[in-house]
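The values are calculated or read from the model by the stated rules, or taken from the named source; none is laboratory data. Values in this document were obtained by computation on a predicted structure and should not be read as measured data. Cβ: placed from backbone, ideal geometry, glycine included. Neighbour counts: every protein chain shown. These area figures cover heavy atoms from the full protein model, side chains too; ligands, DNA and RNA do not enter into them. Shrake-Rupley method; radii C 1.70, N 1.55, O 1.52, S 1.80 Å.
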Amino acid sequence: MFGQRIRRVEDPRLLSGRGRYLDDLGHDALAVAFVRSPHAHARIVDIDVSAALAVDGLVAIYTYDDLDGRTSEPLPLLIPHPTLNQGRTPYPLADGEVNHVGEAIAMVVASDRYVAEDVVGLIQVEYEPLPPVVGLAASRDGDALVHADVPGNVAATMVQEVGDAAAAIAAAAHRATLSLSIERSASMPMEGKGVLARWDADDESLLVHTSTQSSTSVRQAIAAKLSIPVDRVEVVTPDIGGGFGVKIVHPWPEEILVPWAARRLGQPVKWVEDRREHFISSAHERGQLHEVEVGYDDDGRLCGLSVRFWHDNGAYTPYGLIVPIITSTQLLGPYKPGAYRVEFQSMYTNTVIVTPYRGAGRPQGCFVMERVMDAIAADLGIDRAVVRERNFIQPAEMPYDHGLMFQDGRPLVYDSGDFPASLAKLKALVGWDEFDSFRAAARAEGRRVGIGLGCYVEGTGVGPYEGGHLRVETDGSVVVSTGLTSQGQGHQTMLAQIVADELGVEMERVRVTTGDTRRFKYAVGTFASRTAVMSGSAVALTARKVRAKALKIAANALEAAVDDLEIVDGQIRVKGSPGSEIDLGSVAVLSNPLRYAFDAGAARATQFAGPVDPTAPPVPEGEQPGLEGTDYYSPVGSTFANGMHAVVVETDPETAEINILRYCVVHDCGTVINPMIVEGQIHGGVAQGVAGALYERMEYDDAGQLLNASYMDFLMPYASEVPHIEIDHLETPSPLNPLGVKGAGEAGVIPGSAAIASAIEDAEGFPITAMPISPSELFALRAQHPRARHPSRKDPTLSTP
Amino acid sequence: MKPAPFAYHRPSTVDEAASMLAATEGKILAGGQSLIPIMSMRLAAPAALVDLNHVTGLADIDVSDTAVRIGALTRHGDLERNVAAYDANPLLRRAVQHVAHATIRNRGTTVGSLVHADPAAEMPAVLRLLGGSVEVVSTARGRRSIDAEAFFVGPLESALEPDEVAVSACFPHPPAGSGSAWLEIARRHGDYGLVGVGALVVLDSDSSGERGGVPDQRGGHPGARRRHRRLQRRGVRRGGLGGRQDARGRGHRPRG
Ligand SMILES: Cc1cc2nc3c(=O)[nH]c(=O)nc-3n(C[C@H](O)[C@H](O)[C@H](O)COP(=O)(O)OP(=O)(O)OC[C@H]3O[C@@H](n4cnc5c(N)ncnc54)[C@H](O)[C@@H]3O)c2cc1C
């Protein structure tokens, strides 16, 4: 099974409309809608609900004043960091001040969402507007403050340095400086967030369904905030229509408020986020400004690199500094920077919070580093691929220690990778060396084309751990659970493949459950491209444990030595002697000695079913009943995947439209469990990379209003905008885990802006320093660079009289 | 994103629809592809909807010697796929293919699009270019036909009175010996165009003339127009336009 293109077992169900998403559940539940701030920054003077009280179907209206116990405290700062000395998190409902458009002020519970929205429209909130801080420039000015007690709007300043970068740059033969910027985008899963809570008053327990990337941690958070013993709370993820990072943040205000209201009202309560809410009250990512200084020698080798950047973290910092820390470390990609200094400031603005979105800070870092590579190539007149090659970490240098601290608090050490081989594959795939003749032919037709590339390294599979539980049922089927969650990636298939191989059963007999705390209580979550590495390894170790137990019991039954046994298609047999075998289901029966025969299978395990050894206890010492096991995987560090993308673009000489003609990917995620799933992940990632490079941005005005908060105006590309993607794989196994795998989930998105900027620059002949780029922006750049090497073609057709 | 409360009426004849519309001061619901999003975002809250979808006889496409006439329930997709209409006037298909995506074209009506009068919409520009008309019915004033020129009053504003039901639209055939093209620039395929051009070139034996219609652009784009206009020009050289359409089509996905 391992390594095969197995079709995803989840697809028949999901594609034929039998998925069960959050809003498919809880038809008996009361519905919630929120009054959300229309102002980016304001004091709340008064909330008047009198006009709303008469609405038929209204159940309750809650404001901050209703919150009790720990629900009235700010939400947790999930990932504290010593340099984050000005961390701020919101209250579940605003306490007198709002810091971005969309912040929740009042919660309405009603018979259905229509009524709830009617009520929301009738609640009058009086505001005293405060000066909004929008964009990094305004934040850095510091004239107005997001939080009155945070000087200069600086949440944190962090510096890491290896060697003496300033001295290395000063001593270098060549120097360059670059100013680069990247705009905001967002995860934008098709299914927004949603929470359904049922309070069982008799049991004093909560059952919560939520569309999250971490059910175990939401469970802990709800228990803590609602002051309920944690064993009285269970959190289940139904099918999830995409996460892409935004659902790793938790607890969202609604994940506390909905269970809180359900307990208070004694009725099931449900909230399902709508698209506008998702735009203005979930999370965004990407917005950064970089100032780079670089020194290099005559061959284009880096001597020193110094990067200062400003990261827009929005109004609050619940997810700590993870995004800028990743940018600052993963910026280095496959290169040796010489001396390196990086300093960032994480800045408050009166906008939606910024938390990881697929790629999580890496696309920005990759864009910056690859712009540096292209700048060096342009300056020295060296082929862009050659400059990269000269700066690569070589395979013989693995494991490679950068001397920095990574996002998991552990040293940034690359475990494996063969960057020169990856680049060679990419050049062959795209036809790098033949491009000039294509360019010449295109130019002769009056067309503008360009080629670009981008290389990245991605720390994946970060710890601390994941676990797995596996049980063989008496019918021989295998039930597997792991605590982390699935958002549609194909985990059920991938994990079943691993179990089928390790245990020796048919894949169809394996059922996998994820993200259900009733089934598995210890987990971290789905993020950082970690499921195959973490849960894949944990489930493999678990299967090995259960296999050993099965062999022990079977050896006894077959009167054979354990070492002589093998398991094939669920049958345990003596190697090379057909006829003597026992199926796993029967072993499961034997593993659990019974008194009562509730069915024919169970009858075989009852006390009078066969001969007994009167001297031994029914369950042998040191064993447990049942053919099941649990195991965990916890690595010493992250495993580092890498990849390289090459893009061919054509830009329209008149309209400045940008068309992708070819998109080539070489990808190394170690051993590949299921190439079809990995390619699917790459396709989705590339689509989001193209989106971030050419289409998506968050269009805030100076007042902090998000002008394009709908799918009409936020240009998420359709299938028609996503190019055909050509993929080649390289497999350099990770030495860090039993499967040799590395993460693949986020990879596709990372070098999108870098490679596309490189290609546009190549087509146009002037530097591209800001992404995303629209046709209008390219048009304006052309006006600033009138001496660009392609004269504009003019052929009048229709003109107005 | 749930609409405010409204009353729902389901007439089965045009006359019934017209009288309900007058009585309720409501809105006609056709394909709902523009109206429902507006209501869900609570940008509009009509007290009543009069659902046209159960009125019989409004979905026909009638291709005569002189015109293509479509009913108020003819979906964009029906018009797009209708072979007789295409043979008589290829511009209709060429333009309607640029309206949104297949799923939306399968529900949205072409007459609804005319009434909605979005300055960035394709089919109002086509009606204007061809010099077509819209036929409307009200209880108070009966039946009347409004020429395209008079029909488009301003952005999202047509000459339809609040109590009038549009029952059909008539797109006259272009003259013999003519050719047409539709070009459009949008950020994403299927989006409303930033700018679009429909062109009709009419040739005769000794001279030639040309007519072009420009659907307006959206929101403050330089040169944006607030309503659909028809441009006319005479005495151009032969050729020109068709070739351009082919050039622009390169690299674009097949539509529909
Ligand atoms: C995602 C998306 C993309 C789109 N892209 C485009 C595009 O690129 N180009 C484009 O042109 N359109 C586009 N549209 C709009 C689409 O074409 C609509 O279907 C059309 O504009 C309205 O037709 P409808 O039948 O859906 O009308 P409805 O939404 O039902 O009604 C629209 C308005 O017209 C009135 N009305 C409708 N029919 C009648 C009638 N017979 N008599 C009186 N009043 C009537 C209604 O009361 C309402 O005010 C898009 C829509 C969506 C959702």
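Working out 0.36 nm times the residue gap between A:Ser179 and A:Asp66, then minus their Cα-Cα distance, what length gain in nm do you get to one decimal?
35.8 nm
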Given charges at Cβ of Lys, Arg, Asp, Glu: the range B:61-172 dipole, positive-most of B:Asn106, B:Thr139, B:Ala166: B:Asn106
Straight-line reach only, C-alpha to C-alpha below 18 angstrom: list the lysines that A:Lys270 could link to, leaving out same-chain residues fewer than 8 apart. A:Lys193, A:Lys247, B:Lys2
For the range A:11-53 and the range A:463-516, what is the separation of their C-alpha centers, rounded to whole Å? 33 Å
Which whole-number value in Å² is the accessible area per residue of the range A:466-633, probe 1.4 Å? 45 Å²
I'd like the accessible area for A:Val648: 1.4 Å probe, protein heavy atoms, all chains in place, Å² to the nearest 10. 10 Å²
Separation between the B:Asp65 and A:Tyr596 pseudo-spin-labels, each 7 Å from Cα along Cα→Cβ, expressed in nm? 9.0 nm
Taking all protein chains as present, what is the carbon and sulfur share of the accessible area of the protein assembly as shown, in % to the nearest whole number, probe 1.4 Å? 52 percent
Among the lysines, which have Cα under 23 Å from the Cα of A:Lys552 when same-chain residues fewer than 8 positions away are ignored? A:Lys575
Among A:Val101, A:Ala709, A:Ser422, flag the residue with its Cα farthest along the positive direction of the charge dipole of chain A, charges on Cβ as +1 for Lys/Arg and -1 for Asp/Glu. A:Ser422
I need the calculated FRET efficiency for the pair A:Ser774 and A:Asp202, taking r as the beta carbon distance and R₀ as 60 Å, to the nearest 0.05. 0.55
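For the protein assembly as shown, count the residues as N, evaluate 2.2 N^0.38 Å, and divide the Cα radius of gyration by that value, please.
1.04
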Antiparallel as a % of all DSSP beta bridges within chain A, to the nearest 5? 75 percent
Taking only C-alpha pairs under 8 Å that are 6+ residues apart, what is the relative contact order of the range B:61-172 in percent? 29 percent
Charged-residue dipole, Cβ positions (Lys, Arg, Asp, Glu), the protein assembly as shown about Cα centre, Debye nearest 20: 2240 debye
Positive end of the charge dipole of the range A:428-574 (Lys, Arg +1 and Asp, Glu -1 on Cβ, about the Cα centre): tell me which of A:Ala442, A:Ala523, A:Leu565 has its Cα farthest that way. A:Ala523
In the range B:63-104, accessible area falls by at least 10 Å² from chain alone to full assembly (1.4 Å probe) for B:His101
Per residue, how much accessible area does the range B:61-172 have with a 1.4 Å probe, in Å²? 37 Å²
Where A meets B: accessible area buried, both sides, 1.4 Å probe, Å²: 2500 Å²
Each residue of the range A:510-522 in order: what ³J(HN,Hα) in whole Hz does its phi give by Karplus 6.51 cos²θ - 1.76 cosθ + 1.60, θ = phi - 60°, with x for Gly and Pro? 9, 10, 10, 10, 10, x, 10, 5, 5, 9, 8, 9, 10
Label model pair A:Tyr465, A:Asp401: point-to-point distance (7 angstrom along the Cα→beta-carbon line) in nm is 2.6 nm
Round to a whole angstrom and tell me the spacing of the C-alpha centers of the range A:544-623 and the range B:1-76. 70 Å
Between A:Asp433 and A:Arg301, what length comes free when the chain is fully extended (0.36 nm per residue of separation minus the Cα-Cα distance, one decimal in nm)? 45.4 nm
Full-extension gain in nm, A:Asp379 to A:Asn556, via 0.36 nm per residue minus C-alpha separation: 56.3 nm
If each part is reduced to its alpha-carbon centroid, the range A:318-355 and the range A:72-122 end up apart, in Å, by 26 Å
Shielding by partners - mean other protein chain Cβ count within 10 Å, residues of B:36-44: 2
Pop a pseudo-label 7 angstrom from the Cα along the beta-carbon direction at both A:Asp112 and A:Arg511 and give the gap in nm to one decimal. 3.4 nm
Just which residues of the range B:1-35 lose 20 Å² or more accessible area with every protein chain there, against their chain alone, with the probe set to 1.4 Å? B:Met1, B:Lys2, B:Pro3, B:Pro5
Amide H contacts under 5 Å for A:Glu731, placed H, 5+ residues apart: none
Can you tell me which of A:376-382, A:299-305 comes out highest on packing, and rank the rest after it, using the mean Cβ neighbours within 10 Å? A:299-305, A:376-382
Treating only the Cβ of Lys, Arg, Asp and Glu as charged (+1, +1, -1, -1), what charge dipole size does the range A:606-660 show about its Cα centre? Round to the nearest 20 debye. 320 debye
